[in-house]
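For reference, the structure is listed below as structure tokens.
The values are calculated or read from the model by the stated rules, or taken from the named source; none is laboratory data. Owing to the predicted nature of the structure, the values given are computational and were not obtained by experimental measurement. No Cβ is skipped: glycine too gets one built from the backbone with ideal geometry, and neighbour counts run over all protein chains shown.
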Amino acid sequence: MISKELIVDTTVELLRQAVTRLPSDVKKALEDAYEREEDEVPRAQLKAILDNVALAEEGSLPMCQDTGIPIFFVDLGNVEVDNVQEAIIEGVKEGTKVIPLRPNAVHPITRKNPGTNVGEHMPYINCRMSDNDHIEIGVMPKGAGSENMSALKMLTPAAGLKGIKQFALDVLLNAGSKPCPPTILGMGIGGSADISIKMGKESLLRPLDQRHPDPDIAQLEEELYTTLNEIGIGPMGLGGKTSILGVKIEYAACHTASLPVAINVQCWAARRAACRIHPDGRVEYTTHGGD
Ligand code: SF4
């Protein structure tokens, strides 16, 4: 049985990795962008971001003051596990104290802050079933600056691909400098309103260098990445060739009379970390390496 204590400790470690170290694909995308930019202003912005990332890594400190809200993705395999939900909640409380994380989670109406990043439905745990002989836990502590720019549109089927591309452009233009660009767009196309929103966020779990397995979707990711970078918002909104680091898309079949499209905007501080926990107690960190 995978013990509760192990899940608590692993939760703290995942949160620490996510807020203090960028996954290698995001870091590489920022480094490549720095090489690609020719003008002084975007290069200076990217250099400041990369220096900040290096300092955070060195000192094991959060790379941004906004350490997000704790969103988890759990794949429950064919293994016995002690209470995962309780363990993750405890891990979030502990991580908030020891990493430390900014206590961001408040009551939506009273705005009361318990100071623990724990509240009603928070941490939010997306749970999936799998046939694996291990469990997988992923975390994406999402900051408000980027999340606030996310959007859903219920397009008509007639709007089609053109409408989807236009919506992506509108979201990016409306966001401007607010989500600390360069950003990553996580798009959910199809399903229903709620499914598309969920897929948009989940698509951000896929590394930037991994295209969608469906060639048509992969092509759309590539096309949007190229065309949206031509609008010139640039790093931190000060102009340049790099407005986005990538576009990730997930899709689902939808009703013949609808075309939901959701876009989850992620900032350069693309915090995510994941691991596998095996029944023998071995923990494999899959985004940041190490056991
Ligand atoms: S948008 Fe991202 S980088 Fe900007 S303040 Fe929020 S968490 Fe930090």
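Here are the numbers:
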| quantity | calculated |
| --- | --- |
| P42 being in a loop (DSSP other than H, G, I, E, B), of a type outside the set (A, V, I, L, M, F, W, C) and more than 19 Å from the chain's Cα centre (by Cα) | no |
| Residue check, S203 buried (at least 20 other Cβ atoms within 10 Å of the Cβ) and not assigned by TED's automatic domain parsing to the domain that holds A87 | yes |
| Qualifying residues in the stretch 81-108 (those that are among the polar types (S, T, N, Q) and farther than 19 Å from L61 by Cα) - the one surrounded by the fewest Cβ atoms within 10 Å (Cβ to Cβ) | N83 |
| Output for the stretch 167-177, where each listed residue is within 16 Å of the ligand (Cβ to nearest atom) and surrounded by 16 or more Cβ atoms within 10 Å (Cβ to Cβ) | V171, L172, A175 |
| Test: residue in the stretch 17-40 that is charged (D, E, K, R), farther than 26 Å from G239 by Cα and free of Cβ contacts under 8 Å to residues at least 24 places away in the same chain | no |
| The listed residue being in contact (Cβ under 8 Å) with a residue 60 or more places away in the chain, surrounded by 15 or more Cβ atoms within 10 Å (Cβ to Cβ) and aliphatic (A, V, I, L, M), out of I217, I197, I231 | I197 |
| Any hit, the stretch 263-271, residues being away from the ligand (no atom under 16 Å from the Cβ) and either surrounded by 23 or more Cβ atoms within 10 Å (Cβ to Cβ) or among the aliphatic types (A, V, I, L, M) (or both) | no |
| Hey, R111 basic (K, R), part of a loop (DSSP other than H, G, I, E, B), without any contact (Cβ under 8 Å) to a residue 60 or more places away in the chain and surrounded by fewer than 18 Cβ atoms within 10 Å (Cβ to Cβ) or not | yes |
| Selection from the stretch 117-133 of residues that are farther than 23 Å from R21 by Cβ and in a loop (DSSP other than H, G, I, E, B) | V118, E120, H121, S130, D131, N132, D133 |
| Extreme residue, farthest from the ligand (Cβ to nearest atom), among residues of the stretch 129-161 that are of a type in the set (V, I, T) and assigned by TED's automatic domain parsing to the domain that holds D82 | I135 |
| Which numbered condition D75 fails, given (1) away from the ligand (no atom under 16 Å from the Cβ); (2) touching a residue at least 60 places away in the same chain (Cβ under 8 Å); (3) assigned to a helix (DSSP H, G or I) | (3) |
| Every residue from the stretch 238-248 that is closer than 8 Å to L185 by Cα and of a type in the set (A, V, I, L, M) | I244, V247 |
| Test: residue in the stretch 88-108 that is part of a strand (DSSP E or B) and at pLDDT 95 or above | no |
| From the options I184, I164, residue that is outside the structural domain of L101 (by TED's automatic domain parsing), within 15 Å of the ligand (Cβ to nearest atom), of a type in the set (V, I, T) and buried (at least 18 other Cβ atoms within 10 Å of the Cβ) | I184 |
| Unmet criterion (only one of (1) surrounded by fewer than 14 Cβ atoms within 10 Å (Cβ to Cβ); (2) out of contact with any Pro (no Cβ under 8 Å at 6 or more places or on another chain)) for I137 | (1) |
